[in-house]
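What follows is one structure encoded as structure tokens, with my remarks underneath.
The values are calculated or read from the model by the stated rules, or taken from the named source; none is laboratory data. These numbers were taken from a predicted model, which means no experiment stands behind them. Positions of Cβ are generated from backbone atoms using ideal geometry, with glycine treated the same way; all protein chains shown enter the neighbour counts.
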Amino acid sequence: MADEKDKKPSVWNKYNDEEKVQLENLSKGYIDFLSRCKTERESVTYAIKAAEQAGYKNFAEVNTLRAGDKVYCAFMKKSIALFQIGSEPIERGLKILGAHIDTCRLDLKQNPLYEDGGLAYMDTHYYGGIKKYQWVALPLAMHGVVIKKDGEVINIVIGEDESDPVFCVTDLLIHLAQEQMEKKATKVVEGENLDILVGNYPLKDGEKESVKAGVLKLLKDKYNIEEKDFLSAELALVPAGKARELGFDRSMILGYGQDDRVCAYTSLVAMLEVANEKLDRTACCLLVDKEEIGSFGATGMRSHFFENILAEIMNACGQYSELKLRRALQNSVMLSSDVSSAYDALYASCFDKKNVSYLGKGMTFNKFTGSRGKSGSSEANAEFVAKLRGALDKNNVDYQFSELGKVDLGGGGTIAHMTAVYGMDVIDSGVGVLSMHAPYEVTSKIDIYETKKGYAAFLREM
């Protein structure tokens, strides 16, 4: 018997013709973003361009700030913060949208290229929580940068154009896979076997033939890359090709890396939507790296990047002191913009149907995440949730509250607890996703649209 939440009317039927056009336009922009921005560097480049078109300036080129000014601050080309200065003193707190722009992938190791059996391979190290068997026999594209010793930056994108070659991780043929098929799913394909196939033509040098040498010659001729240059490279293998509309009714989107670029994109769009509006409290859109591996590292949320740049912003406004900075952080409110698991009828036993998000039912909130007994959770205060509900209802935003799955099955975490340490009010919010962390994930156009509306309402009302 279907749960009452499952019977909730579709949000689609409330839209007039103009809203349906807005929904489709947002979806087209999102599909383009998904297809073009498959690494955090590419996402930051996209965000900078969009911000500048909306009137934002590079904070590095600004000396002073006042109410109404808009600036962005990029860090190591892999994280970015956008600020719109409000009329109130910053120590009274900011309104923050925080999302991450890194995604699960295969990274090249520092010494990746080798030859075996007349085939050239590149060795990889998987990044983030993946089911490794899902990454075999897929067309993969290579994205990233190679930095040469003299400082030259070589941008690499191979496999996205129809004329490009692609790469793949090979799989064992079913005829010889009897032993493999008896292994647990975690061992069917092991991490050291996620090497990509990159060449087969040998280069003849006297009496010797070498496929590896042939690959290196191609890299030298086309990109001016030598083998040692991989030591100072950041190269990732991601599913090749564009994101697509899904379903006969085109109601969903299928694409790589929607966790968490779907929330990053909607946060960015919402931030730029209010760019010409007068805000009381300063607004911030924070897009960070490294969430999929615990937010460690200089560009992750555990670093002091945000705290440091906020101090710089307050100083440019003539408002900085250590005490005022601490007050600003504690008085802030934040939506930790991240995805949640959506109900999948094929795996119904994993969900509590009363407390799960459903595709097409609107923006999703997780009052807490963590695992099992709320371990590792940051739980939002009821007073904050009540105020947020009022802002969403005022702006006609459809939303739902969810948990990641049944209590004892596991769970997950976001960047919420890393900002909650300052004492600010924060809650997880975003879009429900099917097939999360698979090479291709599924979202609903309705949920994306309602989430963008919800983020904009948060910036205007809270």
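Would region 445-457 turn up any residue that is buried (at least 21 other Cβ atoms within 10 Å of the Cβ), assigned by TED's automatic domain parsing to the domain that holds Asp260, part of a strand (DSSP E or B) and charged (D, E, K, R)? No, that holds for no residue. In region 333-341, is there at least one residue being among the acidic types (Asp, Glu) and at pLDDT below 95? Scanning region 333-341 turns up at least one residue that is among the acidic types (Asp, Glu) and at pLDDT below 95. Of Val153, Val215, all but one fail to be exposed (fewer than 12 other Cβ atoms within 10 Å of the Cβ) and of a type in the set (A, V, I, L, M, F, W, C); the exception is Val153. Filtered by the rule that a residue be surrounded by fewer than 21 Cβ atoms within 10 Å (Cβ to Cβ) and either touching a residue at least 12 places away in the same chain (Cβ under 8 Å) or assigned to a strand (DSSP E or B) (or both), region 60-69 gives Ala60, Val62, Asn63, Thr64, Arg66, Ala67, Gly68, Asp69.
With respect to (1) assigned by TED's automatic domain parsing to the domain that holds Ala283; (2) without any contact (Cβ under 8 Å) to a residue 60 or more places away in the chain, the lone exception for Gly117 is condition (1). For beta carbons closer than 9 Å, sequence separation of 6+ or different chains, a first residue in region 130-150 that is without any contact (Cβ under 8 Å) to a residue 60 or more places away in the chain and assigned by TED's automatic domain parsing to the domain that holds Phe167 and a second that is in a loop (DSSP other than H, G, I, E, B) and surrounded by 17 or more Cβ atoms within 10 Å (Cβ to Cβ), the qualifying pairs are Tyr133/Val189; Val136/Val189; Val136/Leu194.
Can we say Met122 is crowded, with 17+ Cβ neighbours inside 10 Å, touching an Asp or Glu at 6+ places or on another chain (Cβ under 8 Å) and of a type outside the set (Lys, Arg)? So Met122 passes the test.
Taking region 174-186 as the search range and keeping residues that are more than 27 Å from the chain's Cα centre (by Cα) and assigned to a helix (DSSP H, G or I), which one is nearest to Ala137 (Cα to Cα)? That would be Ile174. Residue-level analysis places Thr45 among those that are polar (S, T, N, Q), surrounded by 15 or more Cβ atoms within 10 Å (Cβ to Cβ) and at pLDDT 95 or above. Where helices (runs of 4 or more DSSP H) sit wholly within region 308-422, those with at least 1 residues that are touching a helix residue (DSSP H, G or I) at 6+ places or on another chain (Cβ under 7 Å), in the same structural domain as Asn13 (by TED's automatic domain parsing) and surrounded by fewer than 20 Cβ atoms within 10 Å (Cβ to Cβ) occupy 322-331, 382-394. When Ile31 is tested against (1) out of contact with any strand residue (DSSP E or B) (no Cβ under 8 Å at 6 or more places or on another chain); (2) assigned to a helix (DSSP H, G or I), only condition (1) is not met.
When the residues of region 156-183 are filtered to those that are in contact with a His (Cβ under 9 Å, 6 or more places away or on another chain) and hydrophobic (A, V, I, L, M, F, W, C), the one that is surrounded by the fewest Cβ atoms within 10 Å (Cβ to Cβ) is Val157. Looking across region 103-154, the residues that are assigned to a loop (DSSP other than H, G, I, E, B), within 25 Å of the chain's Cα centre (by Cα) and farther than 21 Å from Lys187 by Cβ come down to Thr103, Pro139.
Here Lys20 passes the criteria (1) surrounded by fewer than 18 Cβ atoms within 10 Å (Cβ to Cβ); (2) in contact (Cβ under 8 Å) with a residue 60 or more places away in the chain; (3) among the charged types (D, E, K, R) except the one numbered (2). Could you look through region 239-289, keep only residues that are polar (S, T, N, Q) and touching a Lys or Arg at 6+ places or on another chain (Cβ under 9 Å), and pick out the one that is surrounded by the most Cβ atoms within 10 Å (Cβ to Cβ)? Across region 239-289, the extreme among qualifying residues is Ser267. Please go through region 99-111 and pick out each residue that is closer than 17 Å to Val166 by Cα, out of contact with any His (no Cβ under 6 Å at 6 or more places or on another chain) and surrounded by fewer than 24 Cβ atoms within 10 Å (Cβ to Cβ). Once the filter is applied, which keeps residues that are closer than 17 Å to Val166 by Cα, out of contact with any His (no Cβ under 6 Å at 6 or more places or on another chain) and surrounded by fewer than 24 Cβ atoms within 10 Å (Cβ to Cβ), region 99-111 yields only Leu108.
The condition of being under 22 Å from Lys131 (Cα atoms), in contact (Cβ under 8 Å) with a residue 60 or more places away in the chain and assigned by TED's automatic domain parsing to the domain that holds Gly151 holds for only one of Leu197, Leu176, that being Leu197.
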